[in-house]
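Peer 1: Below you'll find the structure I mean.
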Amino acid sequence: MGQIEWAMWANEQALAAGLILLTGGVVGVAGQFRGWEFAAYAVAAGVFVCLLEYPRSKRAKGTSVARSGQYCFTVCVKAFGPLTRNYYVRAFLHAAICVPGGFMLATVLGCVCLGIASLIYLAAAIRGEHWEPILPQKDTRKPVAQSIKNPPQNPPPRPPAELRRKPAKDLESAAYDNPMSVTDE
Amino acid sequence: MGNCIINNGFTSFMLVVWMAINIFLFVWYYFFYDLGDQFFYTRHLLGSALAWARAPAAVLNFNCMLILLPVCRNLLSLIRGSFVCCSRTMRKQLDKNLSFHKLVAYTIALMTAVHMIAHLLNVEWYNNSRQGVYDELSTALSNLADTENTTYLNPIHITSLDPQQIPTYFVFTTIAGLTGIIITLSLILIITSSMEVIRRSYFEVFWYTHHLFIIFFAGLVFHGAGRIVRRQTTTDPPHNFTLCKDRIDDWGKIPECPIPQFEGGFPQTWMWVIGPMVLYICERVLRFIRYLQIVKYRKIVMRPSKVLELQMVKSGFKMEVGQYVFLNCPAISQLEWHPFTMTSAPEEDFFSVHIRSAGDWTNKLIDIMQKLPEGAQGPKMGVDGPFGTASEDVFDYEVSMLVGAGIGVTPFASILKSIWYKFKDSNPKLRTRKIYFYWLCRETHAFEWFADLLQVLEREMEERGMVDFLTYKLYLTGWDQSHVDHVKVRFDEDTDVVTGLKQKTHYGRPVWDKEFEQVRKENPTSVVGTFLCGPEALGKVLEKKCAKYSDVDPRKTKFYFNKENF
């Protein structure tokens, strides 16, 4: 299991836990359960966890698949810098958030799920993983291949003009010998 | 259109039947609990939340029964084998097993959510009744306890704790509550680790976590053992609730209203799931037996681009074209089985797979094989299979157009070899006289072994003077300037620069109109079967072309498109 990035699974688990916490909280508030204040807290906590966990991290190895529409969330989460980048912070944050959920039945499941997510994040943090934003790539143009040669800037070297001009008077020396026969023999 | 109905009609039909059963169960049990007289008093305490909890429970029973079945691949193979005489479409349905497994899993998740929310309400209202918050009738009913001459209705008996904590205490101290929490937690862990991201990249996490299903089923079977869903029983003399519900003080004192008696429902879940559980245990035992069977290596070859070819022999192993096997190598991982399409033909006395380096398991396998001394036997390998629909239809057509895109070319290795063997033996099953093979790939990297196979076939056909039997065209869709330069320099050579084959490589995608025209011209009176192993989009294109170039006149060329899922 060497290549596992635990943070990817912790992220899925935390997102699911956020939704479960939210649902339990909504049921507790709507049904006016005893301890509905804890349910109200769970609604807020659930929403917060979902917002925090929605943007997926960029993977250290391999292609990262972003969730649809996660760019805005990525920017927000990135703005908190080391607080959101570090998984130790996330692990303890989730552990702290989940505790009040244990005081009421409707939110107990969300509490346990978030606790498990917190443990997986702790494992990820111990292995040195951290959160990287997935940002859209800037188009880098491929550098023009070296094989395209620049056209020559200068004319080829030639002897000075006087020597090139054929002497009109001296026909004999102006003629030159062809290396090959050009006549039809 | 006809193709669409044939290919998808049966699947849609099965889905409609499954959905209809789900809806029926939900509605039936909803009204059973919402209208049944024996639940009148229960409903007085719980309202419609009782029915809302029991209806999804019935749907859950049904789906938990179904979920184990699609993953019994050996059982499915057996069933598929018995359909040899029947329609091909029936056999193909059994290949969509994993999609169905996922669909049933989503249904289980949804119904669990509804069931849990309804029970949250139930527990809260039972607690309130017990605390005396509601009307006199509720309090009276809740006060009934399990003694010599009374039976309880309200399962919550405790009043001495902080009322806010009683529901939690109740859930963790009853069988139903505790098993419920445990199996829901297992279900959540199974689902989060089965998300596509995790499954594709970290298969081991998915596979090991998925085994929590054992806890899920164990808890599920005992979930109803506490019998806390109570119904009123008939007493002698009978207790008429319409009459007696307003005369609580007279209960037990007047003959018309004896104290009402209650009993819990008999737990039924085990009746639904015991069958599939036994079948699944048989499946795992069978896989284990197959794993114990001896597999000998005939040849181990490292192909270019980190492709490993394994030729193996196993007694009693019979395969057909286009099938796949699952391999397990305990030296790498005890529990993992990975699928590979077979690249050998059934006529050969061994079976082979070509394994590409594509992840943890494959890389480790290639590593182990590379370190082996010459001619030594490889590590112990368990082989399960073969599975998959046999693509026997390939042999039925006089002229075949085979299109393989990318990794989809792998089953065609098996098919081409089998066709060639059948042709050499003049096997009467083979009606094919001419094959057009189109190989589309972005780059030939990792498929050099397939080019080798084509070279061998090419040579053999030349020897027999049968050059016309197989026409193949390779389309490199991922070419660039360096390719062009390479080709320009060597254009007048006999063999192709990329593959070494006699037929030159084409660049870019094929112009299907031209290809179909050519096939039609060369075979003016034949029935042509087109087979594709590749992306959906290409399938749609080919289907359209088949329709376009088929002639209404029965004496002229007709194209049939076969959408096979290899």
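The values are calculated or read from the model by the stated rules, or taken from the named source; none is laboratory data. Predicted model only: the values in this text are computed from it and were never measured. Glycine gets a Cβ as well: all are built from the backbone with ideal geometry, and neighbour counts include every protein chain shown. Calculation scope for accessible area: heavy atoms of the full protein, side chains included, ligands and nucleic acids excluded. Shrake-Rupley method; radii C 1.70, N 1.55, O 1.52, S 1.80 Å.
Peer 1: Being open to solvent by less than 50 Å² (accessible area, probe 1.4 Å), more than 12 Å from chain A (Cβ to nearest Cβ) and in contact with a strand residue (DSSP E or B) (Cβ under 9 Å, 6 or more places away or on another chain) is the requirement here; does B:G224 meet it?
Peer 2: Taking the combined requirement at face value, the residue satisfies it.
Peer 1: Which condition number does B:A113 fail, the rest of (1) of a type in the set (G, A, S); (2) surrounded by 15 or more Cβ atoms within 10 Å (Cβ to Cβ); (3) modelled with pLDDT under 95 being met?
Peer 2: (3)
Peer 1: Something else about it: When you look at A:A66, is it in contact (Cβ under 8 Å) with a residue 60 or more places away in the chain, under 20 Å from A:W131 (Cα atoms) and not in a loop (DSSP other than H, G, I, E, B), yes or no? Break it down stepwise before answering.
Peer 2: Numbers: in contact (Cβ under 8 Å) with a residue 60 or more places away in the chain: yes; under 20 Å from A:W131 (Cα atoms): yes; not in a loop (DSSP other than H, G, I, E, B): no.
Against the criterion (in contact (Cβ under 8 Å) with a residue 60 or more places away in the chain, under 20 Å from A:W131 (Cα atoms) and not in a loop (DSSP other than H, G, I, E, B)), A:A66 does not qualify.
Peer 1: Let me ask another. Restricting the stretch B:172-184 to residues that are among the hydroxyl-bearing types (S, T, Y) and out of contact with any His (no Cβ under 6 Å at 6 or more places or on another chain), which is nearest to the other protein chains (Cβ to nearest Cβ)?
Peer 2: B:T184
Peer 1: Is it the case that some residue within the stretch B:134-149 is in contact (Cβ under 8 Å) with a residue 40 or more places away in the chain, within 11 Å of chain A (Cβ to nearest Cβ), assigned to a helix (DSSP H, G or I) and surrounded by 14 or more Cβ atoms within 10 Å (Cβ to Cβ)?
Peer 2: No, because not a single residue in the stretch B:134-149 is in contact (Cβ under 8 Å) with a residue 40 or more places away in the chain, within 11 Å of chain A (Cβ to nearest Cβ), assigned to a helix (DSSP H, G or I) and surrounded by 14 or more Cβ atoms within 10 Å (Cβ to Cβ).
Peer 1: Among the residues of the stretch B:155-171, what is the count of those that are within 19 Å of B:G224 (Cα to Cα) and within 13 Å of chain A (Cβ to nearest Cβ)?
Peer 2: 6
Peer 1: Going by the conditions given, is B:Q334 over 26 Å from the mean Cα position of the chain (by Cα) and among the polar types (S, T, N, Q)?
Peer 2: The answer is no for B:Q334.
Peer 1: Just checking, does the stretch A:24-44 include any residue being at the interface with chain B (Cβ under 10 Å from one of its Cβ atoms), under 25 Å from A:I126 (Cα atoms) and either free of Cβ contacts under 8 Å to residues at least 12 places away in the same chain or among the aliphatic types (A, V, I, L, M) (or both)?
Peer 2: Within the stretch A:24-44, none of the residues are at the interface with chain B (Cβ under 10 Å from one of its Cβ atoms), under 25 Å from A:I126 (Cα atoms) and either free of Cβ contacts under 8 Å to residues at least 12 places away in the same chain or among the aliphatic types (A, V, I, L, M) (or both).
Peer 1: Those residues that are open to solvent by less than 10 Å² (accessible area, probe 1.4 Å) and among the β-branched types (V, I, T), I need them from the stretch B:351-388; list them, please.
Peer 2: Those that are open to solvent by less than 10 Å² (accessible area, probe 1.4 Å) and among the β-branched types (V, I, T): B:V353, B:I355, B:I366, B:V383.
Peer 1: Which one of B:K253, B:K296, B:K245, B:K314 is charged (D, E, K, R), more than 24 Å from the chain's Cα centre (by Cα) and open to solvent by less than 40 Å² (accessible area, probe 1.4 Å)?
Peer 2: B:K314
Peer 1: Same structure, new question: Return the only residue of B:A376, B:A358, B:A331 being closer than 27 Å to B:E283 by Cα and either of a type in the set (K, R) or in a loop (DSSP other than H, G, I, E, B) (or both).
Peer 2: Exactly one residue qualifies, and that residue is B:A331.
Yes/no per residue for (1) among the charged types (D, E, K, R); (2) farther than 17 Å from B:F217 by Cα; (3) crowded, with 19+ Cβ neighbours inside 10 Å; (4) modelled with pLDDT under 95:
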{"residue": "B:V71", "(1), (2), (3), (4)": "no, no, no, yes"}
{"residue": "B:S77", "(1), (2), (3), (4)": "no, yes, no, yes"}
{"residue": "B:S82", "(1), (2), (3), (4)": "no, yes, no, yes"}
{"residue": "B:R88", "(1), (2), (3), (4)": "yes, yes, no, yes"}
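Peer 1: Restrict the check to the stretch A:75-85 and report whether at least one residue is within 14 Å of chain B (Cβ to nearest Cβ), surrounded by fewer than 19 Cβ atoms within 10 Å (Cβ to Cβ) and not basic (K, R). It would help to see each step written out before you state the result.
Peer 2: First pass over the stretch A:75-85, keeping only residues within 14 Å of chain B (Cβ to nearest Cβ): none.
The answer is no, given that none of the residues of the stretch A:75-85 is within 14 Å of chain B (Cβ to nearest Cβ), surrounded by fewer than 19 Cβ atoms within 10 Å (Cβ to Cβ) and not basic (K, R).
Peer 1: So B:T269 fits all but one of (1) touching an Asp or Glu at 6+ places or on another chain (Cβ under 7 Å); (2) in contact (Cβ under 8 Å) with a residue 24 or more places away in the chain; what number is the exception?
Peer 2: Going through the list (1) touching an Asp or Glu at 6+ places or on another chain (Cβ under 7 Å); (2) in contact (Cβ under 8 Å) with a residue 24 or more places away in the chain, B:T269 breaks only (1).
Peer 1: How many residues does the stretch B:185-214 contain that are of a type in the set (F, W, Y), more than 10 Å from chain A (Cβ to nearest Cβ) and outside any helix (DSSP H, G or I)? Full working, then the answer.
Peer 2: Filtering the stretch B:185-214 for residues of a type in the set (F, W, Y) gives B:202-203, B:206-208, B:213.
Checking the rest, the ones that are also more than 10 Å from chain A (Cβ to nearest Cβ) come to B:207, B:213.
When the remaining residues are screened for being outside any helix (DSSP H, G or I), the result is none.
Counting residues in the stretch B:185-214 that are of a type in the set (F, W, Y), more than 10 Å from chain A (Cβ to nearest Cβ) and outside any helix (DSSP H, G or I) gives 0.
Peer 1: Would you check if there is a residue in the stretch B:222-242 being under 29 Å from A:L21 (Cβ atoms) and part of a helix (DSSP H, G or I)?
Peer 2: Residues of the stretch B:222-242 under 29 Å from A:L21 (Cβ atoms): B:222-224, B:226, B:228-229.
With part of a helix (DSSP H, G or I) added as a condition, the list becomes B:222.
Taking every residue of the stretch B:222-242 in turn, at least one turns out to be under 29 Å from A:L21 (Cβ atoms) and part of a helix (DSSP H, G or I).
Peer 1: Take B:P56 and decide whether it is crowded, with 22+ Cβ neighbours inside 10 Å and either at pLDDT 95 or above or more than 30 Å from B:D246 (Cα to Cα) (or both).
Peer 2: yes
Peer 1: Given the conditions (1) within 14 Å of chain A (Cβ to nearest Cβ); (2) touching a His at 6+ places or on another chain (Cβ under 8 Å); (3) small (G, A, S), report the number of the one that B:S129 does not fulfil.
Peer 2: Of (1) within 14 Å of chain A (Cβ to nearest Cβ); (2) touching a His at 6+ places or on another chain (Cβ under 8 Å); (3) small (G, A, S), only one is false for B:S129: (2).
Peer 1: Oh, and also: Take the residues of the stretch A:50-74 that are of a type in the set (V, I, T) and within 14 Å of chain B (Cβ to nearest Cβ): which is nearest to A:A16 (Cα to Cα)?
Peer 2: A:V65
Peer 1: Could I ask something else about it? Which pairs turn up if I take residues in the stretch B:544-561 that are closer than 10 Å to B:F516 by Cβ and look for partners that are assigned to a strand (DSSP E or B) and among the hydroxyl-bearing types (S, T, Y) with beta carbon separation below 7 Å, at least 6 apart in sequence or on another chain?
Peer 2: B:C546/B:T530; B:C546/B:Y560; B:F559/B:T530
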